[in-house]
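**Q** Below you'll find the structure I mean.
The values are calculated or read from the model by the stated rules, or taken from the named source; none is laboratory data. The structure displayed is predicted, hence computed values, not measured ones. Here Cβ is always computed from backbone atoms with ideal geometry, including for glycine, and neighbour counts include all displayed protein chains.
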Amino acid sequence: MAFSNLDWAHVGQLIAVLLAAGLVAGFVAGLFGIGGGFVVVPALLVTFSVFDVGSDIVAHLAIGTSLATIMFTSARSVHAHNKRGAVDWQVIRDWSPWLIVGAVIGILIARYLDGRSLKWIFSIGVGLMGIHFMAPVLQPKKAIATEMPKGPVLAGIATFLGGFSALLGIGGGTIAVLVMTACGRSIHQAVATAAGFGFLIAVPGTIGFAVLGYGQPGLPFGSIGYVNVIAVLAIAAMTYITAPLGARAAHSLNGVALKRVFGLYLIVTSAIVLYNSFTT
């Protein structure tokens, strides 16, 4: 069923779901320095399934569209954090080429994966991030280094981060914050800088998924390859409002309880997506 074949009341309800996802994704992006994909991808999987998008392309479409929304979410979040002087632009410059290389590699991998495999990867990745948010056993209590990674170590971490994030349709902020705080950076600076990583991953990711899905049959109305412009605009409009609110909250709240709640959400989402991969 395509968008053009649905009654406007139904379309309105689904756009409302996307707007709500955008509100939550924007706040979460600003608060934790992530791109919001952990919220957006599950919402898109449900929404596109309602529109009868085929199970063989729905995961690709959700991930590609999520990456497109992260361009706006991350840009807005970086702008808000930069007003507080929290963004380390030198780190962003050092990491940018490897993040982009990783994103391209992730897209090339996605080209050879079917929809079920992508759902499995998303489910595993989200589940691991959920465990980290609830019980951050990997988060060192003290910094284990005084400088950010350099040379081959930097290249390896950034390339992995770019590829992993592109495959999941996320901004990669969780891993970026983990690395930066382990290297002695404050949580506020880590969150702010990680938002910039999301933008660098999302731009090549969006272009790649658009090209990858170009001419693919069964795409819903408003799609350019595996990027649905209607969904992007609906979600991006709301993240524009709430990303600065999340960034403000990140500088004033104790986020331990919020992280645990968000971690529980991620674990539940992981289980639902995994179940869905076996039933569709």
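**Q** Given (1) of a type outside the set (Lys, Arg); (2) in contact with a Leu (Cβ under 8 Å, 6 or more places away or on another chain); (3) crowded, with 24+ Cβ neighbours inside 10 Å; (4) more than 26 Å from LEU23 (Cβ to Cβ), identify the lone condition not met by ALA166.
**A** Every condition holds for ALA166 apart from (4).
**Q** Could you please find all residues in the range 191-210 being more than 20 Å from GLY125 (Cβ to Cβ) and crowded, with 24+ Cβ neighbours inside 10 Å?
**A** ALA192, THR193, GLY196
**Q** May I ask you to verify whether ARG84 is closer than 19 Å to GLY36 by Cα, surrounded by 14 or more Cβ atoms within 10 Å (Cβ to Cβ), at pLDDT below 85 and among the basic types (Lys, Arg)? Explain how you work it out, then say what you get.
**A** On the way: closer than 19 Å to GLY36 by Cα: no; surrounded by 14 or more Cβ atoms within 10 Å (Cβ to Cβ): yes; at pLDDT below 85: yes; among the basic types (Lys, Arg): yes.
Judged against the criteria, ARG84 is not a match.
Quick grid of which residues meet (1) over 26 Å from ALA135 (Cα atoms); (2) among the small types (Gly, Ala, Ser); (3) outside any helix (DSSP H, G or I); (4) in contact (Cβ under 8 Å) with a residue 12 or more places away in the chain:
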| position | (1), (2), (3), (4) |
| --- | --- |
| PHE209 | yes, no, no, yes |
| GLY215 | yes, yes, yes, no |
| ALA237 | yes, yes, no, yes |
| ILE241 | yes, no, no, yes |
| LYS259 | no, no, no, yes |
| TYR265 | no, no, no, yes |
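**Q** If you don't mind, there's one more thing I want to ask. If you check GLY64 against the conditions, is it within 13 Å of SER165 (Cα to Cα), out of contact with any Cys (no Cβ under 8 Å at 6 or more places or on another chain) and not polar (S, T, N, Q)? Full working, then the answer.
**A** Numbers: within 13 Å of SER165 (Cα to Cα): yes; out of contact with any Cys (no Cβ under 8 Å at 6 or more places or on another chain): yes; not polar (S, T, N, Q): yes.
The answer is yes for GLY64.
**Q** Kindly establish whether LEU245 is surrounded by 22 or more Cβ atoms within 10 Å (Cβ to Cβ) and either modelled with pLDDT under 80 or assigned to a helix (DSSP H, G or I) (or both).
**A** Judged against the criteria, LEU245 is not a match.
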